[in-house]
Amino acid sequence: MWFGISAAIGNTIAAGIVRAPGDIAQWLPNIYLFFGVWVVGGLYALAGASSLAELGAAIPRSGGQYNFSRRALGEYAGFIVGWSDWLSTCGTAAAVAIVIGEYSGELIPPLAGHVKLIAVVIIIGFFILQWRGIKWGSGTQLVTAAMKTFAFVIVVAACFLLGGHAHTAASASVVTTPPLPSGWPLALALLLGLQAVFYTIDGWDGIIYFGEEVRNPGRDIPRAIFGSVATIMGIYLLINAAVLYVLPMSRIAGNTFVLGTAAETIFGPYGDTIIRAIMVVSLLSCLNANQLFCTRTLYAMSCDRLFFRSFTRVNQGGTPTLSLLLSTIVGVLFVLGSFEIVIAMLSFFFVANYTLSYSSLFALRRKEPQMERPYRAWGYPWTTGLALVGSIGFLIEAVREDRTNSVLTLVALACSYPVYRVLKFVSRTGSIGPDPSV
């Protein structure tokens, strides 16, 4: 359970919490609306957590949401979810490594200007660490997640304990807060704010990538999922409260490094350095988690004959070696290339995967009513329906805002079927791991 929570914290709490408060404050410069979208985002995650907890406990396989869509909706649906999840996770790992390189250059001047080199070295470093065995990867995840959680708690405590003078000054000063929109612009601002929160909190389901590695999945997967949501939302709400205690809304709105600004107010010129150092640790934890995730997804697809059978091999330490190697190579290629369009396309699939997962719960309840379910989603079908409707609405908004990439995504979807058939053909012979019906 604790490893599952650490994987979720490592994957979720990263650069998003640095930028999101400034964007949300710019759209919604009102303390009640500002906090409101974070609370609504947390409730949405809680509704989704209940559904994924049932699926994860009933289908305890490594590989993430791919397993749910494949069993409920068929192999092609599983193929789309698995490949988009794998590629987007590799791309996320690359993006995180690039940010680590940028922050490292700010902390250590001689490293400035070598962002891509640093990113590649870090990705390869985690590849070597995880190659040694699952204990090394999981141990690193536990340590880095604990370090980042402790660091953020210290920053929050410092804001409340040492930020009294800043709070008094902010209360006494006359500052110009951006005007709050009304009517349709307010509705759009609320939608944008929720969108930013959803992206920032996503990752609380990290444990489902390691279902086969959990000793008691029926008990520990639901505990890890709900524990992850509670921990992540608790940290985020405390961070936002601490920032608002130290800084007026006018200084938060539009600020792309709001934690650094708050830390400078508390610690002086060392504040920015402190936050960047914390972010490097946070991002290292995120990178390790992402490499663990994408390796398990590719491994699961290979076991189900949706990729080359050789990628089911594991070493003595339990690591799927070829899956880890290919995932690392793809991550390095993302770093060296220009992958903004690819990531934008995959983000569409990223949201669609949740839609398919929630649909899978409805489908499995109907198709397999006798399936053993150690945990059953509370509030079903209402909580699952709410999560599904939210995901569909979020997907529609993503299409409306970015039609160019949406068209490219639909083209990629159309091209995916022949790729699926080819991979099925080349991997159909031989016995390659767990029973695909499981």
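Quick notes
- T92 being touching a helix residue (DSSP H, G or I) at 6+ places or on another chain (Cβ under 9 Å), at pLDDT below 85, crowded, with 24+ Cβ neighbours inside 10 Å and of a type outside the set (A, V, I, L, M): yes
- Residue within region 296-306 that is among the hydroxyl-bearing types (S, T, Y), farther than 27 Å from P222 by Cβ, open to solvent by less than 40 Å² (accessible area, probe 1.4 Å) and modelled with pLDDT under 90 present: no
- Yes/no for V280 being within 19 Å of I201 (Cα to Cα), within 20 Å of the chain's Cα centre (by Cα) and either among the β-branched types (V, I, T) or open to solvent by 30 Å² or more (accessible area, probe 1.4 Å) (or both): yes
- Cross-chain or 6+ apart pairs with Cβ under 6 Å, region 334-357 first and over 30 Å from L55 (Cβ atoms), then at pLDDT 75 or above and open to solvent by 20 Å² or more (accessible area, probe 1.4 Å): V335/K116; V335/V120
- First in region 179-206 and within 10 Å of I24 (Cβ to Cβ), second anywhere and open to solvent by 10 Å² or more (accessible area, probe 1.4 Å) and modelled with pLDDT of 85 or more, Cβ under 7 Å, 6 or more apart: A189/W27; L192/W27; G193/W27; L194/V40; A196/D23
Results for (1) open to solvent by less than 60 Å² (accessible area, probe 1.4 Å); (2) under 30 Å from G64 (Cα atoms), shown as yes or no for each residue.
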{"position": "L180", "(1), (2)": "no, no"}
{"position": "D205", "(1), (2)": "yes, yes"}
{"position": "G218", "(1), (2)": "yes, yes"}
{"position": "G234", "(1), (2)": "yes, yes"}
{"position": "V243", "(1), (2)": "yes, no"}
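- Taken over region 108-128, the criterion of being free of Cβ contacts under 8 Å to residues at least 24 places away in the same chain and open to solvent by 30 Å² or more (accessible area, probe 1.4 Å) is satisfied by I108, P109, P110, L111, A112, G113, H114, V115, L117, V121, G125, I128.
- Across region 307-327, the qualifying residues are those that are under 14 Å from G137 (Cα atoms) and under 23 Å from the mean Cα position of the chain (by Cα), and the one among them that is modelled with the highest pLDDT is L324.
- Single match in I80, I24 (criterion: part of a helix (DSSP H, G or I), surrounded by 24 or more Cβ atoms within 10 Å (Cβ to Cβ) and not charged (D, E, K, R)): I24
- All positions within region 365-398 that are among the small types (G, A, S) and either over 21 Å from Y199 (Cβ atoms) or surrounded by fewer than 16 Cβ atoms within 10 Å (Cβ to Cβ) (or both): A377, G379, G385, G393
- First in region 410-431 and open to solvent by less than 70 Å² (accessible area, probe 1.4 Å), second anywhere and modelled with pLDDT under 80 and not in a loop (DSSP other than H, G, I, E, B), Cβ under 7 Å, 6 or more apart: A412/M345
- Evaluated against (1) modelled with pLDDT under 75; (2) closer than 25 Å to F226 by Cβ; (3) not β-branched (V, I, T), Y380 falls short on exactly one condition, (1).
- Checked against the criterion of being without any contact (Cβ under 8 Å) to a residue 24 or more places away in the chain and in contact with a Lys or Arg (Cβ under 9 Å, 6 or more places away or on another chain), the candidates G105, G101 yield just one match: G101.
- Which numbered condition D272 fails, given (1) among the charged types (D, E, K, R); (2) touching a Gly at 6+ places or on another chain (Cβ under 7 Å); (3) surrounded by fewer than 18 Cβ atoms within 10 Å (Cβ to Cβ): (3)
- Every listed requirement among (1) touching a Pro at 6+ places or on another chain (Cβ under 8 Å); (2) among the aromatic types (F, W, Y); (3) open to solvent by less than 40 Å² (accessible area, probe 1.4 Å) is met by F362 save one, (3).
- Under the condition of being open to solvent by 20 Å² or more (accessible area, probe 1.4 Å) and within 23 Å of A8 (Cβ to Cβ), the residues counted in region 245-264 number 0.
- Criterion (at pLDDT below 75, over 19 Å from the mean Cα position of the chain (by Cα), in a helix (DSSP H, G or I) and among the hydroxyl-bearing types (S, T, Y)) met by exactly one of S406, S416, S431, S338: S406
The values are calculated or read from the model by the stated rules, or taken from the named source; none is laboratory data. These figures come from a predicted structure and were not determined experimentally. In this analysis, Cβ positions are derived from the backbone assuming ideal geometry, glycine residues included, and neighbour counts consider all displayed protein chains. Just so you know, the surface numbers come from the protein's heavy atoms only, side chains and all, with ligands and any DNA or RNA stripped out. Shrake-Rupley method; radii C 1.70, N 1.55, O 1.52, S 1.80 Å.
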